[in-house]
């Protein structure tokens, strides 16, 4: 995302890679020890993953379920989290702690690249980069808000229509599926309303932009190049989504 603003409303930034399941449990545990040397806090949770296969000809439904363990490693401030499982890894910047794409690329180099080398992974099934902007403008705008002052009018169709109706607004989220070069971009935007299904009483607007590879990646040495491309396209969408009044807020000094 753009590095030009003094403030950010980025709740989360998530980098994720998916790969074929790792079967070498001893090596997997050894890599966790390396992460523990960088991230002081560790959390572990159990979950399940499974598949459902429907055979219409035989009128059969076959389901498979297996237990899986998720390991989370967090930095000293619990703002950055590395999550690993046998078939995916994520780096997540939480609590509006994301600084810029340089940090992202550096973390990719020292965490993701090292992980891929450690396990001799030559194919990434999916690469994803997601930016979740939550503009909470209650402290910035007194009285009722005119959304068109802050966001592109093209994003406000559902909200404009809701304002013509006599019913209170509970939620107004829209999504776009875009095909960009060799990757897809999913854009979710609008009023999410944390208190749903109650009436919305917040001046909050979401712009959630999620870029992901369309096919498996080989060779994986291109990850940094692809992330730069994803980031550039995400930034273009973001800049087209906002207007000058919001840029003024983004350029205010943090109090």
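Any read-out appearing in this document is the output of simple, stated calculations on the displayed coordinates, not a laboratory observation. Predicted model, so just to flag it, every value in this text is computed and none were measured. Backbone-built Cβ (ideal geometry, glycine too); neighbour counts: all protein chains shown.
Before moving on, here are some points about what is shown:
- For the chain, calculated [θ]222 nm from helices alone, where every DSSP H run of n ≥ 4 adds -39500 (n - 2.57): -6500 deg cm²/dmol
- Distance (nanometres) between label positions extended 7 Å along Cα→Cβ at residue 154 and residue 42: 4.9 nm
- Over the stretch 157-246 - Rg/Rh using Cα atoms and the Kirkwood inverse-distance radius: 1.10
- Relative contact order of the stretch 134-255, taken over Cα pairs closer than 8 Å and 6 or more residues apart, is 29 percent.
- Between residue 122 and residue 222, the modelled labels are 1.6 nm apart [label points 7 Å from Cα along Cα→Cβ].
- Here the contact order of the chain, divided by its residue count and restricted to Cα pairs under 8 Å and six or more residues apart, works out to 25 percent.
- Using a Förster distance of 25 Å, the FRET efficiency for residue 109-residue 179 (Cβ separation, nearest 0.05): 0.30
- Packing-based order for 16-23, 204-211, using average beta carbon neighbours within 10 Å, highest first: 204-211, 16-23
- For a label point 7 Å along the Cα-to-beta-carbon line of residue 247, residues of the stretch 129-171 with backbone N under 15 Å: 149-153
- Stretch gain in nm, segment residue 169-residue 194, where the contour uses 0.36 nm per residue and the Cα spacing is subtracted: 7.7 nm
- Eigen-decomposition of the gyration tensor built on the alpha-carbon atoms of the stretch 109-154 gives equivalent ellipsoid semi-axes of 44, 13, 6 angstrom, largest listed first.
- Between the stretch 94-108 and the stretch 187-255, the Cα center-to-center distance that results, in Å: 14 Å
- Averaging 1/r over every pair of different alpha carbons in the stretch 105-255 and inverting the result gives a Kirkwood radius of 17.7 Å.
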